[in-house]
Amino acid sequence: MIRACLSIKLDRLVRKKGDNSVKVYSHIHDYKFINSSSGMPQWDMDYEYYGAETDAQKPGITYDDYVNYGLSEGAISSWSSTSPNNQPISDDFRNRYNALKSRLEAENPDMANTRSNIVGDYFKYGESSDPEMRKKALKLNGKAFLEEYRNRDQRLTTGQGTIRKMNAYISDTWQVNKNLTFVPIIRLDNSSLFGSNLSASMGMTYNVKGNPHRRFKANVGTGYTEPGMGELWYNWEMYASNPVGIGVAKLGWYWAGNPNLKPEKSLNIDMSLEGEIKTPMLVLVYSITASRTICRFTLQENSKILHHI
């Protein structure tokens, strides 16, 4: 509902020329998450800021370096031992700076000879609040600085993924005699994520002592259940309600889907006795059932496989 209200107004990043309406400030943002070394989700700032999906794509010089070393004021010369704002620079920093400079020149050949401060301009033009200035921003990893961050502002993605599924089954009713019936079923499931699985079941109905109103039933079969898209990829932040104006924030919860979940398989057995008792006034229907289900699933947690039966 909140998103619906905000969508009719321009946010702080999308402003048409001459628009003097009140800006809408919001914390709605579609954060990109990756798994940390501990297996917990964490914000992928390197991707949203620099378009980096691997360590090799990271810029080497961060936005904090840009601010702390005053790189908006000018380039670092090959002979100077200090930055434009007179901060001492190490050989390691100079090497990282030159490496980023070379990458920007290679990825933006049309601007390589016209930008005297190509590293500083990468950050300066990318962070600008002026859309016209951002159009001239240099690219790194195919994106301007903060381009992906801006694209994700004022939107939410609770999860995403693709599964292609197909299933088919064959069922028959086999009347052995007037008192005994078998119902066999064979089912094939196939998905692009989990491959193929064949499951089967056999059901039986027997008229006790030839009486169709006294039936003994038995079923045995295998079950197969794949995790749903929500269990695999659904990510959501949840917070308890908070009275307006009390100035106290409440802790929340983060629901994180687990893309490592595997299908659940089971063996199901049940037996029942059912029937009807007729009286002059009514018909009583009864059923007594005993069943057992044995499940097997696989859970991957922090690179460890745990089996439960």
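No value in this document is a laboratory result; all are computed from the given coordinates. As the structure is a prediction and not an experimental result, all values here were calculated from the model. Using ideal geometry, Cβ is built from the backbone for each residue, glycine included, and neighbour counts are taken over all protein chains shown.
Checking the Cα-Cα distances for LYS178/LYS278; LYS32/LYS101; LYS178/LYS265 against a 24 Å cut-off, the pairs over it are LYS32/LYS101; LYS178/LYS265.
For GLU274 and ALA168, what does the FRET efficiency come to when R0 = 22 Å and r is the distance between their Cβ atoms, rounded to the nearest 0.05?
On the way: r = 31 Å, r/R0 = 1.41.
The calculated FRET efficiency here is 0.10.
Suppose the chain between VAL176 and ASP55 were pulled fully straight at 0.36 nm per residue; how much longer would it get relative to their current alpha carbon spacing? Kindly include the intermediate steps, with their values, before the conclusion.
Details: separation 121, 0.36 × 121 = 43.56 nm, distance 6.76 nm.
Contour length minus Cα-Cα distance gives 36.8 nm.
A Förster radius of 41 Å combined with the Cβ-Cβ distance from GLU132 to ASN190 puts the calculated FRET efficiency at roughly 0.20. Extending 7 Å from Cα along the Cβ direction at ILE34 and again at ASN258 yields two label points whose distance is 2.3 nm.
If the chain linking HIS213 and SER116 were pulled fully straight, counting 0.36 nm for each residue of separation and taking away their Cα-Cα distance, it would gain 25.5 nm. For LYS165, which aspartates and glutamates qualify as cross-link partners when the Cα separation must be under 19 Å and same-chain residues fewer than eight apart are set aside? Answer for LYS165, where 19 Å is the Cα cut-off: ASP189, GLU226, GLU231, GLU264, listed by chain and number. For the range 151-229, just say rounded, prolate or oblate: build the C-alpha gyration tensor, square-root its eigenvalues into a ≥ b ≥ c, call rounded for a/c under 1.5, and beyond that prolate if a/b exceeds b/c, oblate if not. Taking the square roots of the gyration eigenvalues as a ≥ b ≥ c, the range 151-229 is prolate.
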